[in-house]
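Asker: Mind having a look at this structure? Questions to follow.
Read-outs throughout are calculated quantities, based only on the coordinates presented, and are distinct from any laboratory measurement. Note that the structure is a prediction, hence the values are computed from the model and not measured. Quick reminder, even Gly has a Cβ in these numbers, built from the backbone with ideal geometry, and neighbours come from all protein chains shown.
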Amino acid sequence: MRGVWVFLLLLPALAASFAAFTVEPAGDQVVDLATGVTTLPDGGRLVDAERGLSLEAAYIEYKEGVFVRAKKARLFREKLRFEAGRLEYDVAREAVVLGEGVRFSSPRLSGLEAPRGMLYLKDGVAVLEGGVKSEAPAFRAERMVADTREGLVLLLGTFSYQDPALGITLKGQGEDARLLLRFKEEGVEAETEVPPEILKRLFAYLGG
């Protein structure tokens, strides 16, 4: 489960990363002097060498210190990859909107997918919505909220989770169903009774 843990630790680093980057355009680089917006119509890469992060996309536009928008985007860090059909980073809010299909993969986590998502970088929280599924560890849910600092993943709505330690599948039905996963170095612990303080805190991030 170490790949999941590394993924959770990755998110807080992104907030500072896109604030200062080097640009590697794949083609033209168009600068609008009136608005300060730079467009890479042929795509390219934004690289943060200090943190080992790079964003590749088929189309990029950005205003340094304000926003980054990308299409068919892939975010890399070592052997980790995060993909989205559409990405928009709001620098002031330290939030990233992901849409048109979201995927994450690492050497130890495969096939994590959702139609859309939101990353709250300052708080280290990720929200995936529209039907979430992961191949390994194997789970499905209508929505997912991850607290990257505490190593928590909250599955919401109808869900199923294959517990590798117990060799059983946990399921919940309906919009009020929920399951809390605690990611630790030694594995994952599943809790059907979610502490009220955790539920209240993570619910605050739903709804954008």
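Asker: Return the distance in nm (one decimal) between the two label points of a simple spin-label model at Ala138 and Lys184, each offset 7 Å from Cα along Cα→Cβ.
Answerer: If labels sit at Ala138 and Lys184, their model points lie 2.4 nm apart.
Asker: Right, next: Helix 2-17 versus the longest principal axis of the chain: what is the Cα-based angle in degrees, 0 to 90, to the nearest 10?
Answerer: Long axis of 2-17 versus the principal axis of the chain: about 40 degrees.
Asker: Using modelled backbone amide H atoms (1.01 Å from N, in-plane), which distant-in-sequence or interchain residues come within less than 5 Å of Val91's amide H?
Answerer: For Val91, the qualifying residues are Phe67, Val68.
Asker: If you don't mind, there's one more thing I want to ask. Can you tell me the relative contact order of the chain? Whole percent, Cα pairs under 8 Å, sequence separation 6 or more.
Answerer: Relative CO of the chain lands at 14 percent.
Asker: Sticking with this one: Taking only Cα atoms and a 10 Å spring cutoff, compute GNM fluctuations for the chain and point out the largest among Leu112, Leu180, Leu166.
Answerer: Residue with maximal mean-square fluctuation among Leu112, Leu180, Leu166: Leu166.
Asker: In vacuum, with every alpha carbon of the stretch 2-203 counted as one equal point scatterer, what does the Debye formula give for log10 I(q)/I(0) at q = 0.08, 0.13 Å⁻¹? Two decimals, please.
Answerer: Each listed q maps to, in turn, -0.29, -0.70.
Asker: Continuing with this model, one more query. Which of these, Thr22, Thr148, Thr158, has the largest mean-square fluctuation under a Gaussian network model of the chain (Cα springs below 10 Å)?
Answerer: Thr22
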